[in-house]
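Worksheet: one structure, shown below.
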Amino acid sequence: MSDSALVVEQNYEQLKNLALQKHGEIKEKPYVLVGTATCGRAAGALGVLDTFRNEIDNRQLDVNIIEVGCMGHCYAEPMVIIYKPGFPPLCYGSVDEGKAARLVTDFLIEDDPCFEFAMAALEPNDLFPTFGDYPRGVYEQKVILADCGLIDPENIDDYLACGGYGALAKALAMKPEEVIAEIKDAQLRGRGGAGFPTGIKWETCHDTPGPLKYVICNADEGDPGAFMDRALLESNPHQVLEGLVISACAVGASQGYLYVRAEYPLAITRLHTALEQARAKGLLGESILGSSFSFDIEIFKGSGAFVCGEETALIASIEGHAGIPTHRPPFPAVSGLRGKPTLIDNVKTLSYIPHIVQKGADWFKSIGTPNSPGTAVFALAGKVVGTGLVEVPMGTTLRTLIYDVGDGIKDGKTFKAVQIGGPSGGCLPESALDISIDFDSLREAGAMMGSGGIVVLNEDDCMVEVARFFLEFVQNESCGKCTFCRLGTKQMLDILTDITKGHGRPGDIELLLDLAEDIKTGSLCGLGKTAPNPVLTTINFFRHEYEAHINEGRCPALMCKDLITFHISAEKCSKLCDACVGSCPVEAVYTRPDMLKAIHLDKCVKCDNCLTTCRTLYDAVIKKSPPAAEEGVS
Amino acid sequence: MSRKVTITIDDRQLTVPEGEKLLWAALDNGLYIPHLCGFRESERPAAGCRLCFVEVEGHPNPVTACTEPAVEGMVVMTRSPRVDRLVRTAFELIISNHRLDCANCAKNGDCELQRIAKARKLKLKLTRLRQLVKETPVDDSPQSFSYDASRCVLCGRCVWVDHNKAKVGAIGFIRRGISRKVSTFGEVCLTDSRCTQCGECVKVCPVGALTFKEAADK
């Protein structure tokens, strides 16, 4: 072992031992971990945190309260983990101020762990099941999410104590070529969506000569319904930083950027803290860990343009220009930021790097499928019970993901489609549920891995409206530079809007298909090239819904407001109830002479209030499509 | 740098400088390829108008000629069913957002859109697409020329000469998506901007968006 490698190892061991010592001290006492990532905060985690603080202060208990990130169980936020010596660490879901106070008095003061509020234990024990005992835990295999929600994102010692930055120490002792060979051998594919082999990109950047190179972490997550990158940055920022430093070390870059959208203020705050702590420990800056390698990272706040996730637009944005893509080649790995070789990787891709360097390519390839090794991280959203952030091995079927990991469809409704890959992806029907999740199978099915957003749709979702929604999104986010994306998506959006309003014309479907194909081939950047996917897949799998809209003026899902009318069924309505009358904001619901209720269609604004109100009472309000005439009115 | 390579475009053997973009190689040799945003002096092709598609042997899909460098032995075809289809759609999309009314346009007869339509036998009329043109006021504040945004095809030539040749910086692209347009800072009229009325931008406009007033009077 060379001297410099020895110095690196010694420095690292010293850091780690110090961290382990501090970590051990914390873990001797009871502690409360409160998940205060953005998702937890939205559900009220800060109130829960305050309650714990006040109660523990008031009772002068010797308990540590630590803010952590997201464990991925969005449906059960806010989540809290409590450890008390003598008990396994227990996780509690849907905690509110009341439950928090109870947990302090009953568990931390007395010895009742309040199993009635508990979700799972974190370690196997004789008292309570662990996450691994639920289907979600059985099918999940956490690699980059493993520490999320368990370690303190604002304390580098927590990360170091779990073996963090060990991969960096290892990589610093290796030749850059060896690191790249390991990544290439692992067949890691970019998790930003396109699935390009990461190792090849690294090699290209490494092989391009130049005194100055850059690495950029692309954290410009913008898909509707996707929050994987945010959760990773908020829950385990050092994992990303370590990956970025290793990538810089491998390609020979001296400056790095974290391109984070400004809409992620908490992620930015936690990253700033992480950067400061890493610098203080000598893990960033001049001669990292005593080696000859110097590198630092700057945070660049993006202004939230979807197209800036495209790498050439992202570079333009950092350079101070409008975020508009340019033609590739030259690829950024050859000529990127300020004309210098630039390596751009997604947050998730970089998060895998420390694990691959640490455990080796063979370990990584042992997970997932031969062509898409590793795991896939998804933000499961929509009409599914177990919403949240999940990590499953590649090759898991969509059915397993939705029905086992996600615990099926909400409210006993019927599954209709799954929208995968965001605005660049597609909608897959029931018949496609046995497709295995990997880059190639999904592309073949017309969808796309994308960055990992999954929206589950049920019988109440109109597929034309879903396609219109996504197209409106890309149309709003199009930079406007190239003809196909600027005008082509606008033409498609206008056609779809007309169809949902009942103004569809024969031939519209064919025109949509023609335009979609040309936009896919003709657009300048990835945004335009994939923009028609939601339309293409919905026409492919749900053509009958388009036809019903165009030919019959009927919306089969009873969703398109212009194609439905609200009525009250006289058979079901009760003379004794007028809940619907009160719920109507525009006085469209009235009481007939026979005391039953009815709706003035000309006044009705189709807000759904009466239907929602009546559903649990008499279920008498019904929607009709195509629009029907008011009963008793000719 | 000035090494020459031999390429074949539409069965014609041409000797062109190595790395020369196919668009210029073809145009210099009398082979027409439709284009609007292509601008020889510009260092990096904008590649925004998406009209100059050609087939290159060995490429799975048509490529834009303005971005594709000439390589020894390259075989190029300026026409194919796929190319024609893309060009037709791109052309129709562009005219769907371009106020046609050729009879009352100063550029009538000297318009790049008319030239493309003639070369590729395309109609200067919308058949399958919707009209997207919004009526916008014409800025005729400059003495010698006027700017009609509803005829602008966003090729960006005017912006390039304004920034790189005239070095004035009076105009630029503003907004994005369907709202993208060429405008002055703060969207004031040209005489209230830093425009020097040098007219360089008017000379490069391929359509009737920026036109000299005397031409309109003819």
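Here residue A:298 passes the criteria (1) open to solvent by 10 Å² or more (accessible area, probe 1.4 Å); (2) within 27 Å of residue A:223 (Cα to Cα); (3) in contact with a Cys (Cβ under 7 Å, 6 or more places away or on another chain) except the one numbered (3).
Criterion first (open to solvent by less than 10 Å² (accessible area, probe 1.4 Å) and in the same structural domain as residue A:303 (by TED's automatic domain parsing)) does residue A:193 satisfy it? Please lay out each step first, then the result.
Working: open to solvent by less than 10 Å² (accessible area, probe 1.4 Å): yes; in the same structural domain as residue A:303 (by TED's automatic domain parsing): yes.
Yes; evaluated as a whole, the condition is true for this residue.
Filtering the range A:497-545 to residues that are at the interface with another protein chain (Cβ under 10 Å from one of its Cβ atoms), without any contact (Cβ under 8 Å) to a residue 12 or more places away in the chain and open to solvent by 50 Å² or more (accessible area, probe 1.4 Å) leaves A:510, A:514.
Could you grab me the full set of residues in the range A:85-116 that are over 21 Å from residue A:50 (Cβ atoms) and in a loop (DSSP other than H, G, I, E, B)? Correct list: A:85, A:86, A:87, A:88, A:89, A:110, A:111, A:112, A:113.
Answer yes or no: is there a residue in the range A:467-479 that is away from chain B (no Cβ under 14 Å) and open to solvent by 30 Å² or more (accessible area, probe 1.4 Å). Yes.
Out of the range B:21-53, which residues are at the interface with chain A (Cβ under 9 Å from one of its Cβ atoms), among the charged types (D, E, K, R) and either surrounded by 16 or more Cβ atoms within 10 Å (Cβ to Cβ) or part of a strand (DSSP E or B) (or both)? Hit for the range B:21-53 is B:50, nothing else.
Test residue A:348 against the criterion of being in the same structural domain as residue A:234 (by TED's automatic domain parsing), open to solvent by 10 Å² or more (accessible area, probe 1.4 Å) and among the basic types (Lys, Arg), and give yes or no. No: the conditions fail for residue A:348.
Residue B:88 - would you say it is under 18 Å from the mean Cα position of the chain (by Cα), within 25 Å of residue B:199 (Cβ to Cβ) and without any contact (Cβ under 8 Å) to a residue 60 or more places away in the chain?
Numbers: under 18 Å from the mean Cα position of the chain (by Cα): yes; within 25 Å of residue B:199 (Cβ to Cβ): no; without any contact (Cβ under 8 Å) to a residue 60 or more places away in the chain: yes.
So residue B:88 fails the test.
Residue by residue through the range A:480-490, note down the ones that are part of a helix (DSSP H, G or I), buried (at least 24 other Cβ atoms within 10 Å of the Cβ), of a type outside the set (Ser, Thr, Tyr) and facing chain B (nearest Cβ under 7 Å). So that I can check it myself, show each step before the final result.
Within the range A:480-490, the subset part of a helix (DSSP H, G or I) is A:483-490.
Checking which are buried (at least 24 other Cβ atoms within 10 Å of the Cβ) leaves us with A:483-489.
In the following step, the residues that additionally are of a type outside the set (Ser, Thr, Tyr) were identified as A:484-488.
Of everything in the range A:480-490, those that are part of a helix (DSSP H, G or I), buried (at least 24 other Cβ atoms within 10 Å of the Cβ), of a type outside the set (Ser, Thr, Tyr) and facing chain B (nearest Cβ under 7 Å) turn out to be A:484, A:486, A:487, A:488.
Whether any residue in the range A:273-295 is within 19 Å of the chain's Cα centre (by Cα) and touching a residue at least 40 places away in the same chain (Cβ under 8 Å) is what I want to check. Checking the range A:273-295: not a single residue is within 19 Å of the chain's Cα centre (by Cα) and touching a residue at least 40 places away in the same chain (Cβ under 8 Å). Any residue in the range B:81-92 that is closer than 27 Å to residue B:204 by Cβ, at the interface with chain A (Cβ under 10 Å from one of its Cβ atoms) and open to solvent by 40 Å² or more (accessible area, probe 1.4 Å)? Taking every residue of the range B:81-92 in turn, at least one turns out to be closer than 27 Å to residue B:204 by Cβ, at the interface with chain A (Cβ under 10 Å from one of its Cβ atoms) and open to solvent by 40 Å² or more (accessible area, probe 1.4 Å).
Has the range B:102-116 got any residue that is closer than 22 Å to residue A:480 by Cβ, within 12 Å of another protein chain (Cβ to nearest Cβ) and either modelled with pLDDT under 95 or open to solvent by less than 60 Å² (accessible area, probe 1.4 Å) (or both)? Within the range B:102-116 (the criterion being closer than 22 Å to residue A:480 by Cβ, within 12 Å of another protein chain (Cβ to nearest Cβ) and either modelled with pLDDT under 95 or open to solvent by less than 60 Å² (accessible area, probe 1.4 Å) (or both)), the answer is no, since none of the residues qualifies.
If you take the residues of the range B:136-178 that are open to solvent by less than 20 Å² (accessible area, probe 1.4 Å), touching a Gly at 6+ places or on another chain (Cβ under 8 Å) and not in a loop (DSSP other than H, G, I, E, B), which of them is farthest from the other protein chains (Cβ to nearest Cβ)? The extreme case among them is B:145.
The values are calculated or read from the model by the stated rules, or taken from the named source; none is laboratory data. Quantities reported herein were computed from a predicted structural model and do not represent experimental measurements. Neighbour counts run over all protein chains shown; Cβ positions are idealised from the backbone, glycine included. Ligands, DNA and RNA are excluded from the accessible area calculation, which covers all protein heavy atoms including side chains. Shrake-Rupley method; radii C 1.70, N 1.55, O 1.52, S 1.80 Å.
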